Amino acid sequence: MYHRVGDKSAERRFTVSTALFQQQMRCVRDLSYHVVGLDEVTAAVEGKTVLAAKSVAITFDDGFQDTFENAAPVLSGLGYSATFFLVSQLLGTRNTWMEREGYPSAHLMNWTAAKELLRHGFTVGSHSRTHPSLIQHDETRISDEVEGSRRDLEDRLSTPIRYFAYPYGHFDGRVLTALHRSGYAAACSTQSGFNNVTTDRYRLRRLDVSGRDSTRTFIRSLEFGENSMTARRLFHYYSKQAASRILFRGI
């Protein structure tokens with residue numbers, strides 16, 4: 001799970017430099033990972049297909065302009081698919097929800113850029129209409145953010161919107177009900193770990209990639225399915241690996 005890819009921001013919690021992103025994608029290639037889309041992920045967790053053991057899905061939250069400018073060309077050059085989760089009513093504006101928390105202001109991609117992503121074979125998903133913490137609102141607002149964002153994107157982009165990513169990773173039973181009612185095929189959380197046939201398709205796990213991570217940390221995250229590894233987690237990982245076959249990861 002990426003947020004921003006660029007070189008101009010000093011903020012590295014959510015921004016991976018373009019050079020580091022290129023290096024990470026080369027690692028994915030050189031280590032023989034199979035990049036798959038969320039259609040394949042969803043089919044796998046439903047038991048309809050089996051993915052190669054080293055399969056990975058690439059996703060971007062928020063729809064920053066720099067991911068369109070810097071990440072998409074790298075991915076296209078390698079022939080990799082990815083899903084970009086967009087905040088439907090903020091396209092062409094700025095990351096106002098982050099500005100309120102003291103993070104730097106940054107441009108979000110506009111509708112033209114979103115259409116270009118689709119034209120180049122990428123997938124677009126919903127990240128709500130305005131990026132609120134959905135669990136802090138009533139059912140009416142939740143429905144508007146979940147169902148309304150899908151409608152916004154489908155109307156403007158003329159393509160089915162099948163996937164949702166929870167703003168801040170927050171969801172509860174009411175949010176899940178809204179997703180089911182709106183017809184989303186699956187949804188991505190911010191919880192780390194591997195996905196397999198026991199994973200709820202509305203709780204897909206992802207790895208959070210930060211600009212603070214070294215290439216070694218990135219590789220270890222792919223290998224172990226955790227954003228950070230302690231000795232205890234390493235032992236737990238090897239214990240789990242011995243007991244079950246890993247299907248795929250998400251980043």
Could you point to the residue in THR217, THR177, SER126 farthest towards the positive end of the chain's charge dipole, with +1 and -1 charges on the Cβ of Lys/Arg and Asp/Glu respectively?
THR217
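If you take every residue apart from HIS137 with its C-beta less than 11 Å away from the C-beta of HIS137, what net charge results, scoring Lys and Arg +1 and Asp and Glu -1?
-3
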Going 7 Å from the Cα of ALA53 in the Cα-to-Cβ direction, what parts of segment 180-201 have a backbone nitrogen less than 20 Å from that spot?
193-199
Give, as a single signed number, the net charge of other residues whose beta carbon lies under 11 Å from the beta carbon of ARG174, with Lys and Arg counted +1 and Asp and Glu -1.
-1
Between ARG29 and ARG212, what FRET efficiency comes out of the Förster formula 1/(1 + (r/R0)^6) with R0 = 30 Å and r the beta carbon distance, rounded to 0.05?
0.85
Let me check I have the definition right: for the chain, take the eigenvalues of the Cα gyration tensor, multiply each by 5, take square roots. What are those semi-axes in whole Å, largest first?
26, 22, 18
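No lab work stands behind these numbers, since they all come straight from the coordinates. As the structure is a prediction and not an experimental result, all values here were calculated from the model. When we count neighbours, we look across all protein chains shown, and the Cβ atoms used for this are built from the backbone with ideal geometry, even at glycine.
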